[in-house]
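So the structure is just underneath, and the comments pick up after that.
The values are calculated or read from the model by the stated rules, or taken from the named source; none is laboratory data. Keep in mind it's a predicted model, so treat the numbers as computed, not measured. Here the Cβ positions follow ideal geometry from the backbone for every residue, glycine too, while neighbour counts run over all protein chains shown. SASA here: full protein model, heavy atoms, side chains in, ligands and nucleic acids out. Shrake-Rupley method; radii C 1.70, N 1.55, O 1.52, S 1.80 Å.
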Amino acid sequence: MVVSRRTFLSTVAAGTAASFLIDVSPARAASGPGDVVGKISVGYQGWFACPGDGAPIGGWWHWSRDRSQPPSPSNTTIVSWPDVREFAHTYPTAYPNLGNGSTASLFSSYDAQTVDTHFQWMQTYGIDTAALQRFNPVGDEGPTRDAMAVKVRAAAEAHGRKFYLMYDVSGWSAMQQQIKDDWTNKMKAHTASSSYAVQNGKPVVCIWGFGFNDDNHTFTPAACLDVINWFKSQGCYVIGGVPTYWRQGINDSRTGYLDVYHAFNMISPWMVGRTGTIDGLDQFYANVNTPDLADCAAHGIDYQPCVLPGDLSTGARAHGDYYWRSLYNMIRLGSHGLYVSMFDEFNEGNQIAKTAESAAFVPAGTGIRALDEDGTACSSDYYLRITGDGGRMLKGQIALTATRPTQPVVGSTPPPATGDLAAGRPVSASSSNGAYAASNAVDGNAATYWESSGSFPQWIQVDLGAAATVSRLVLRLPSGWGARTQTITVSGSTDGSSFATLAGSAGYNFDPGSGNSVTVTLSGGTARYLRLSFAGNTGWAAAQLATIEAYAASTAPPPPAGDLARGRPTSESSHVQTYGSPNVVDGDAGSYWESANNAFPQWVQADLGSSVPVGRVVLRLPAGWGARSQTIALSGSTNGSSFSPLAAAAARGFDPASGNAVTVSVTAASVRYVRATFTANSGWPAGQLAALEAYGS
């Protein structure tokens, strides 16, 4: 079996994200719309077999390490469990029964009904094109892979989808001649299908693996160019599945291969395993993808970057927010098409196909993560639905938005008034300085920002989409910036033309010591449009804003008697998406703060308004979340800069059986600021907190 791509994934960081956008749109692609340009494609492995399914290769192909034996916890190659309820034929394994008592069975890709079901899902969820993976077909895998091409062709034709061949040359030592023979003698025949993908009037072929810097891809530049040019001479449109750092020839890319990469008609850089965080995606967007696209444009090459749902087995998915950020970043970049890695890759945990939604559908006691692994219930088709929305956004059928429109469970609604009402909403401004556009203030990324041009006054305005009673705003600047004071007035309108004052002109101090975040309390008027008018800035001759968050008046129950933190200003080390620090004092245990992932330590704090005695702190997570332990230290301060311990770092167990609440008796002290510092979390690689309550005793 060919070595998995997982075995040579790089973990090199992309560096610090730059705060700029590039004016690129799909109209600037080298090619017009076709079956890959302007479309969303998915990688399709189709490589699972089971005894009794008729596959020539025999055994538990790609399910077991030893394919002569049934898969079990000690003999497995998978890290995620598929939802098999829609397959007519499944095959019992040696895994324990599922949590619901059912037999732990798996599907066979060789079963035509499986392939038909997969392509029916592609049709249902708006996936345009499938890239059928084809590894070295010389050897025992060949006959099975040949048959899979026939099955995929039939399913694509039956469901109106497109498909193309994607040769993975990993470990294929005699590739240079054998790939030509395989195309001429076998695979070219499939281009006669009405469902074979065509771009610029030419059949599409992808070659994955040229230039990778490892022992599995040792082909010379001359051999690679020979193969690319040969396929072009056969009238093909050739896509290159290339290393992440192809353009620079560093890290996962060999040096001296730039001419090879520039010979492709379309470039599709690999991204699986490169980052597991939303912040990391933003860094790649700024520092890798943006210059990649510029290079492609300069050389007349189409650009098809990878988008990915995240590795479910490592907890990278953030209940869909990671995938949506990947889609959003590559669409706002102006990519010419998208390649989803992957459709059915249960071996590496980055599949979008229907997946076990809860412990009821996972073999009991195995620790395999289901889609609700972070406490958010998700339907098994959730990532297919996200893909469908991403495809519509790519094609301009829905507006470009940083806020995921797809809900985890069908029929659920977006977060209620306790969430950030401004995230991803339409925004306008009196002016913008170059690339520092108004949209940066609602993209959920505190590293990007809006900056005005010209003289004061200046304004920025967000449309919440519907009238709401807004009680407070949280305004942020990039956390690394120096302190400054901006003079701001807040007004609101229901119609976008007649505005009333919600907070009078005042100087707001943005201080890096408190995360460059300020909270503005509003008069509580009803508004659909919020406008912030800037009259001055001590740090720069322009208005500046990285994030504007709007929160409605809380509909939560009255605060527990004596909770000193309820409704008070907050700050934090970081947050992801809409999970900001105000959620820990809003009285709603269903909303929560979540820090940047995989970046401990992290902290969140409440400003009690003045120094008062604190003897007890109650920490909460949403009641429906699964049990987890977080290592948390509590500290206090009278000035917001010098902190003293209130309770030493300790593993604090959050258990749904006891309401996911932890009470910490602290060293009695008079403090104004109460801070919780997180250094570990057994349930998610980030600090998480739904409520921070402070009591005098």
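On the basis of being open to solvent by 30 Å² or more (accessible area, probe 1.4 Å) and outside any strand (DSSP E or B), does Ser523 make the cut? Answer is yes for this residue.
Residue-wise test of (1) under 14 Å from Phe534 (Cα atoms); (2) assigned to a helix (DSSP H, G or I); (3) hydrophobic (A, V, I, L, M, F, W, C).
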position: Ser431; (1), (2), (3): yes, no, no
position: Ala441; (1), (2), (3): no, yes, yes
position: Gly444; (1), (2), (3): no, no, no
position: Ala447; (1), (2), (3): no, no, yes
position: Ser455; (1), (2), (3): yes, no, no
position: Trp459; (1), (2), (3): yes, no, yes
position: Asp463; (1), (2), (3): no, no, no
position: Ala467; (1), (2), (3): no, no, yes
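Yes or no: the stretch 538-554 includes at least one residue that is hydrophobic (A, V, I, L, M, F, W, C), closer than 25 Å to Ser641 by Cβ, at pLDDT below 90 and not in a loop (DSSP other than H, G, I, E, B). The answer is no; no qualifying residue exists. Residues that are at negative phi and open to solvent by 30 Å² or more (accessible area, probe 1.4 Å) within the stretch 450-463 comprise Ser453, Ser455, Phe456, Pro457, Trp459, listed in sequence order.
Among the candidates Ala648, Ala623, the residue that is open to solvent by 40 Å² or more (accessible area, probe 1.4 Å) and over 30 Å from Asp372 (Cβ atoms) is uniquely Ala648.
When the stretch 176-207 is limited to residues that are assigned to a loop (DSSP other than H, G, I, E, B) and open to solvent by 60 Å² or more (accessible area, probe 1.4 Å), the one that is nearest to Arg161 (Cα to Cα) turns out to be Ser194. Pairs are defined by a Cβ separation below 9 Å, a sequence spacing of at least 6 or placement on different chains, a first member in the stretch 435-462 that is touching a residue at least 24 places away in the same chain (Cβ under 8 Å), and a second member that is assigned to a loop (DSSP other than H, G, I, E, B) and among the charged types (D, E, K, R); the pairs so defined are Ala435/Asp23; Val442/Asp420; Val442/Arg425; Gly444/Asp420; Val462/Arg425. Determine if the stretch 475-486 includes at least one residue that is closer than 30 Å to Thr677 by Cα, assigned to a strand (DSSP E or B), among the small types (Gly, Ala, Ser) and open to solvent by 50 Å² or more (accessible area, probe 1.4 Å). No. Of the listed requirements (1) touching a Ser or Thr at 6+ places or on another chain (Cβ under 8 Å); (2) closer than 17 Å to Pro71 by Cβ; (3) not aromatic (Phe, Trp, Tyr), Lys354 misses just one: (2). Of the residues Ala466, Ala441, Ala446, the single one that is within 25 Å of Ala399 (Cα to Cα), within 29 Å of the chain's Cα centre (by Cα) and open to solvent by 50 Å² or more (accessible area, probe 1.4 Å) is Ala466.
Within the stretch 253-269, residues that are under 18 Å from Gln234 (Cα atoms) have Cβ atoms under 6 Å from residues that are of a type in the set (Ser, Thr, Tyr) in these pairs: Asn265/Tyr237, counting only partners at least 6 apart in sequence or on another chain. Considered as a group, the residues in the stretch 421-438 that are touching a Ser or Thr at 6+ places or on another chain (Cβ under 6 Å) and over 20 Å from Val470 (Cβ atoms) include one that is least open to solvent (accessible area, probe 1.4 Å), and that residue is Ser431. For the stretch 155-174, a residue qualifies if it is farther than 10 Å from Ile207 by Cα, in contact (Cβ under 8 Å) with a residue 60 or more places away in the chain and among the charged types (D, E, K, R), and exactly one does: Lys162.
For the stretch 71-129, the set of residues classified as open to solvent by less than 40 Å² (accessible area, probe 1.4 Å), among the polar types (S, T, N, Q) and not in a loop (DSSP other than H, G, I, E, B) consists of Ser72, Asn75, Ser105, Thr114, Thr117, Thr129, listed by residue number.
Looking only at residues of the stretch 143-161 that are of a type in the set (Val, Ile, Thr) and out of contact with any strand residue (DSSP E or B) (no Cβ under 6 Å at 6 or more places or on another chain), we find that the one that is surrounded by the most Cβ atoms within 10 Å (Cβ to Cβ) is Thr144.
For every residue, the table says whether it meets (1) under 33 Å from the mean Cα position of the chain (by Cα); (2) at pLDDT below 90; (3) charged (D, E, K, R).
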| position | (1), (2), (3) |
| --- | --- |
| Gly507 | no, no, no |
| Asp511 | yes, yes, yes |
| Tyr529 | yes, no, no |
| Gly587 | yes, yes, no |
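Only one of the numbered conditions (1) of a type in the set (A, V, I, L, M, F, W, C); (2) at pLDDT below 95; (3) not in a loop (DSSP other than H, G, I, E, B) is not met by Ala399, and that is (3).
For (1) part of a loop (DSSP other than H, G, I, E, B); (2) at pLDDT below 95, each residue gets a yes or a no:
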| site | (1), (2) |
| --- | --- |
| Gly256 | yes, no |
| Ile267 | no, no |
| Asp279 | no, yes |
| Asp292 | no, no |
| Cys296 | no, no |
| Gly320 | no, no |
| Tyr323 | no, no |
| His336 | yes, no |
| Ile352 | yes, no |
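Ser253 meets each of the listed conditions (1) under 19 Å from Leu327 (Cα atoms); (2) open to solvent by less than 10 Å² (accessible area, probe 1.4 Å) apart from (1).
The residue that is least open to solvent (accessible area, probe 1.4 Å), counting only those in the stretch 497-520 that are within 19 Å of Leu421 (Cβ to Cβ) and in contact (Cβ under 8 Å) with a residue 60 or more places away in the chain, is Ser517.
Here Val442 passes the criteria (1) over 11 Å from Ile548 (Cβ atoms); (2) aliphatic (A, V, I, L, M); (3) at pLDDT 80 or above except the one numbered (1).
When Gly241, Gly235 are screened for being outside any helix (DSSP H, G or I), open to solvent by less than 10 Å² (accessible area, probe 1.4 Å), touching a strand residue (DSSP E or B) at 6+ places or on another chain (Cβ under 9 Å) and closer than 29 Å to Lys162 by Cα, only Gly241 passes.
Kindly establish whether Val409 is out of contact with any strand residue (DSSP E or B) (no Cβ under 6 Å at 6 or more places or on another chain) and open to solvent by 40 Å² or more (accessible area, probe 1.4 Å).
For Val409, the condition - out of contact with any strand residue (DSSP E or B) (no Cβ under 6 Å at 6 or more places or on another chain) and open to solvent by 40 Å² or more (accessible area, probe 1.4 Å) - is met.
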